[in-house]
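These notes are about the structure you will find just below.
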Amino acid sequence: MEPLSAYNMKNVSPWKEKPPTFSILGVRVDNIDRSTAMKSVRRYIANRRDLPARTIYFTNVHTIHLARKDNEFLRCINRADTVLPDGSGLTIAGKLFGNPIQENLNGTDLTPAILAEAQTKGWTVFLLGARPEALRRCEEQIKLRFPRLRVVGSHPGYFSSSEESDIVRSINNERPDILLVALGSPLQEQWISANVERLDVGVCLAVGGLFDFLSGVRKRAPLWMRRVGIEWIYRFFQDPSTKWDRVFIEIPFFLLLVLLKRFTPRSIQMFIGNLRLSHGK
Ligand code: UDP
């Protein structure tokens, strides 16, 4: 695992020394709870000077799968300022590796808490991603839920690379405290990583399908499913044609690798570490 850069650690960490970071199959996880994650957000915004922006990502079985296939993506995740554990796959892995996950934190649940605080603190927010209609409805819902929140700009996803400079310029014109990037993985982390050095933003969060959920375009799983840790089953049935591989390939393969890593000798682990599964995506 890559060490945290001196820049990332300098004056911005809410921890006195090193954060309780460990790695699952080479991918960094900051094993912190919600209130510590909120402290990080506050710190990043309070300590913002100039460029580059701070970054918060969420690691789940899908991003670990992507990172194992693509070293550049792996580096991109491991270089973030904060990488939060998302999903029951990580909970299982944390238990097996003797490092129980303190709290399951995903962008869809954490971001509304950040927006609520943004409303009271006067932090500004910029939204990037999703289909235009979903983004429009998401902004309407945000206005209803957080009437005093200052959303200073938005731009839908599915843009071409020739539009990127204009998008960055319109973000920087507003100097938002928070930039929510909802382009799905790996695109959102890659986009942030490619642009972070020129983004005049307090903190960027990679939030996946958040705008679809806030807009009502997609439904969240019932609370009991989220509590039990099986929201992924609900998401699969909502969109089987694009999510089937997450359920039938990524989750079983992840569990197999974690079990093998936990219960096999090191020499065999080195062989496993070199295994890559490619199935198109
Ligand atoms: N999206 C986008 N641009 C793209 C691809 C996807 O804005 O080029 C949006 C998409 O409309 C959706 C979100 O990114 O709102 C991806 O949601 P998903 O739940 O699939 O995220 P993931 O689980 O992959 O992080």
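The values are calculated or read from the model by the stated rules, or taken from the named source; none is laboratory data. Note that the structure is a prediction, hence the values are computed from the model and not measured. Here the Cβ positions follow ideal geometry from the backbone for every residue, glycine too, while neighbour counts run over all protein chains shown.
In table form, for the structure just shown:
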{"item": "Pair list, Cβ < 6 Å and 6+ apart or interchain, from segment 216-243 residues that are touching a residue at least 24 places away in the same chain (Cβ under 8 Å) to residues that are surrounded by fewer than 14 Cβ atoms within 10 Å (Cβ to Cβ)", "result": "none"}
{"item": "Whichever residue in segment 61-82 is aliphatic (A, V, I, L, M) and away from the ligand (no atom under 14 Å from the Cβ) and, among such residues, is surrounded by the most Cβ atoms within 10 Å (Cβ to Cβ)", "result": "ALA80"}
{"item": "Filter pass, THR55 being within 16 Å of the ligand (Cβ to nearest atom), at pLDDT 95 or above and of a type in the set (Ser, Thr, Tyr)", "result": "yes"}
{"item": "Scan of segment 200-215 for residues that are away from the ligand (no atom under 11 Å from the Cβ) and either of a type in the set (Gly, Ala, Ser) or not in a loop (DSSP other than H, G, I, E, B) (or both), ordered by number", "result": "GLY202, VAL203, CYS204, LEU205"}
{"item": "Selection status of GLN102, surrounded by 15 or more Cβ atoms within 10 Å (Cβ to Cβ) and away from the ligand (no atom under 12 Å from the Cβ)", "result": "yes"}
{"item": "Any hit, segment 170-190, residues being over 22 Å from the mean Cα position of the chain (by Cα) and charged (D, E, K, R)", "result": "yes"}
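Here is a yes/no grid of residues against (1) at pLDDT below 95; (2) crowded, with 23+ Cβ neighbours inside 10 Å; (3) of a type in the set (A, V, I, L, M):
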position	(1), (2), (3)
VAL152	no, no, yes
TYR158	no, no, no
ASP166	no, no, no
SER170	no, no, no
ASN173	no, no, no
SER185	no, no, no
VAL203	no, yes, yes
LEU210	no, yes, yes
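Per-residue answers, yes or no, for (1) in contact (Cβ under 8 Å) with a residue 40 or more places away in the chain; (2) away from the ligand (no atom under 14 Å from the Cβ):
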{"site": "GLY157", "(1), (2)": "no, no"}
{"site": "ASP166", "(1), (2)": "no, yes"}
{"site": "ASP177", "(1), (2)": "yes, yes"}
{"site": "LEU180", "(1), (2)": "yes, no"}
{"site": "LEU183", "(1), (2)": "yes, no"}
{"site": "GLN188", "(1), (2)": "yes, no"}
{"site": "ARG198", "(1), (2)": "yes, yes"}
